[in-house]
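Colleague: Have a look at this one before I ask anything.
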Amino acid sequence: MRKKFVAGNWKMNPTSAHDVVRLATEVIVGLKDEGRVTAALCPPFPYLGLLDTLLKQHKSQVLLGGQNCYIEKDGAFTGEVSPAMLLDTGCKYVILGHSERRHKMGESDAFINQKVGAALAAGLEVILCIGETLAEREGNQTEAVLDRQVTQGLADVKELSKLVIAYEPVWAIGTGKNATPQQAQDAHAFIRRRVGQLYGDPAAQALIIQYGGSVKPDNAATLLGQPDVDGALVGGAALKADQFLPIVRAGIL
Ligand code: PEP
């Protein structure tokens, strides 16, 4: 059985070290000795070191992730962060292909694929986000989009043991409008089938597929209760411990 994995994507929040410590401490204390669900926090880059220290002080099982990285190891790339730097700052994971990077920063599947390759080569585990826009869903393009994002995003990736996929319909992110449990299940089952065709059934069955898009305490249990929904990538609700903690606990089997 796949262990549920819930990650908090803090995006460009909170905006002070004080608030970062307060939020992280509430989450860490709330999840003390909770080993039944994998939980991770993905803060903005400047706070990774702070969080790494805090997690170690508390001997926490909560894991750390970055929200992005670049394709090169080092060099003249002003403003960028390498996969090795994330590892060195205590990260196990990096989120790549988030819809905000695809749609606000113009990242293409090919560029995301380069990042996936660089991150895996450095030893990070990748949370690859995929998902259709509202227009694509209404145009019956959902499966074609997911197919393209999986195939192109994973081009040249030989095996999936260090990969998580987050299905995040763009129309559900930060909108308060989540996919129904059945919509999520259908998309996840499609992704798992497609991954099975590309990598074989054992790899597809082992793959963690998170759902992301307005996950809240009141919808987490039904979403995470779907057979192919293996956890959640949480944005807005990850910024309040009293919302994030029940979402993580909804993953307890
Ligand atoms: C996200 O940013 O990955 C996300 C799912 O955001 P929200 O939970 O706020 O919709």
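The values are calculated or read from the model by the stated rules, or taken from the named source; none is laboratory data. Here the structure is a predicted model, which is why all the values come from computation and not from measurement. Cβ coordinates were reconstructed from backbone atoms using ideal geometry, including for glycine residues, and neighbour counts include every protein chain displayed. To get the accessible areas, we keep the full protein, side chains included, count just its heavy atoms, and leave off ligands, DNA and RNA. Shrake-Rupley method; radii C 1.70, N 1.55, O 1.52, S 1.80 Å.
Colleague: Would you confirm, using the coordinates I've provided, whether Ala84 is modelled with pLDDT of 95 or more, of a type in the set (A, V, I, L, M, F, W, C) and surrounded by fewer than 17 Cβ atoms within 10 Å (Cβ to Cβ)? Step through it out loud before you land on a result.
Modeller: On the way: modelled with pLDDT of 95 or more: yes; of a type in the set (A, V, I, L, M, F, W, C): yes; surrounded by fewer than 17 Cβ atoms within 10 Å (Cβ to Cβ): no.
Taking the combined requirement at face value, the residue does not satisfy it.
Colleague: Let me ask something else. Are any residues in the stretch 162-185 closer than 16 Å to Leu96 by Cα and surrounded by fewer than 20 Cβ atoms within 10 Å (Cβ to Cβ), and if so, which ones? Break it down stepwise before answering.
Modeller: If we filter the stretch 162-185 for residues that are closer than 16 Å to Leu96 by Cα, which is where we start, we get 162-170, 173.
Lys162, the sole residue that qualifies.
Colleague: Which condition from (1) in contact with a strand residue (DSSP E or B) (Cβ under 9 Å, 6 or more places away or on another chain); (2) within 16 Å of the ligand (Cβ to nearest atom) is the one that Met105 breaks?
Modeller: That leaves (1) as the condition not met.
Colleague: Out of the residues in the stretch 191-215 that are among the charged types (D, E, K, R) and buried (at least 16 other Cβ atoms within 10 Å of the Cβ), which is farthest from Thr180 (Cα to Cα)? Show your work before the answer.
Modeller: Kept after step one, since they are among the charged types (D, E, K, R), are these residues of the stretch 191-215: 192-194, 201.
Those still in the list that are buried (at least 16 other Cβ atoms within 10 Å of the Cβ) too: 192, 194.
Details: Arg192: 18, Arg194: 21 Å.
Top of the filtered list is Arg194.
Colleague: I would also like to ask the following. State which residue pairs qualify: first residue part of a helix (DSSP H, G or I) and inside the stretch 70-98, second residue open to solvent by less than 80 Å² (accessible area, probe 1.4 Å) and within 16 Å of the ligand (Cβ to nearest atom) in any location, beta carbons under 6 Å apart, and separation of 6 or more residues or different chains.
Modeller: Within 6 Å, the pairs are Leu86/Gly66; Leu86/Val94.
Colleague: May I pose another question? Tally time: how many residues in the stretch 202-216 are away from the ligand (no atom under 12 Å from the Cβ), touching a helix residue (DSSP H, G or I) at 6+ places or on another chain (Cβ under 8 Å) and under 18 Å from Val37 (Cβ atoms)?
Modeller: At the first step, the residues of the stretch 202-216 found to be away from the ligand (no atom under 12 Å from the Cβ) are 202-209.
Filter once more, so that each one left must be touching a helix residue (DSSP H, G or I) at 6+ places or on another chain (Cβ under 8 Å): 203-205, 207, 209.
Applying the additional criterion that residues be under 18 Å from Val37 (Cβ atoms) yields 207, 209.
Total satisfying the criteria: 2.
Colleague: Out of Asn178, Asn140, report the one residue that is outside any helix (DSSP H, G or I) and in contact with a Gly (Cβ under 7 Å, 6 or more places away or on another chain).
Modeller: Working: Asn140 fails: in contact with a Gly (Cβ under 7 Å, 6 or more places away or on another chain).
Going through Asn178, Asn140 in turn, the sole match is Asn178.
Colleague: Here are some residues: Ala189, Ala220, Ala204. Which one is under 24 Å from Lys240 (Cα atoms) and part of a helix (DSSP H, G or I)?
Modeller: Details: Ala189 fails: under 24 Å from Lys240 (Cα atoms); Ala204 fails: under 24 Å from Lys240 (Cα atoms).
Result of the check over Ala189, Ala220, Ala204: Ala220.
Colleague: Is one or more of the residues making up the stretch 5-26 among the hydroxyl-bearing types (Ser, Thr, Tyr), more than 16 Å from the ligand (Cβ to nearest atom), open to solvent by 10 Å² or more (accessible area, probe 1.4 Å) and in a helix (DSSP H, G or I)?
Modeller: Taking the stretch 5-26 and keeping what is among the hydroxyl-bearing types (Ser, Thr, Tyr), we get 15-16, 25.
Applying the additional criterion that residues be more than 16 Å from the ligand (Cβ to nearest atom) yields 15-16, 25.
Now restrict to residues that are open to solvent by 10 Å² or more (accessible area, probe 1.4 Å): 15-16, 25.
When the remaining residues are screened for being in a helix (DSSP H, G or I), the result is 25.
Yes, because at least one residue in the stretch 5-26 is among the hydroxyl-bearing types (Ser, Thr, Tyr), more than 16 Å from the ligand (Cβ to nearest atom), open to solvent by 10 Å² or more (accessible area, probe 1.4 Å) and in a helix (DSSP H, G or I).
Colleague: If you take the residues in the stretch 150-201 that are of a type in the set (S, T, N, Q), within 18 Å of the chain's Cα centre (by Cα) and within 15 Å of the ligand (Cβ to nearest atom), which one is nearest to Gly213 (Cα to Cα)?
Modeller: Among them, the one singled out is Asn178.
Colleague: Could you go through the stretch 89-104 and let me know if any residue there is surrounded by fewer than 17 Cβ atoms within 10 Å (Cβ to Cβ) and farther than 25 Å from Thr38 by Cα.
Modeller: Yes, the stretch 89-104 has at least one match.
Colleague: With the requirement that a residue be part of a helix (DSSP H, G or I), within 16 Å of the ligand (Cβ to nearest atom) and either open to solvent by less than 50 Å² (accessible area, probe 1.4 Å) or among the β-branched types (Val, Ile, Thr) (or both), what does the stretch 108-137 give you?
Modeller: Ile112
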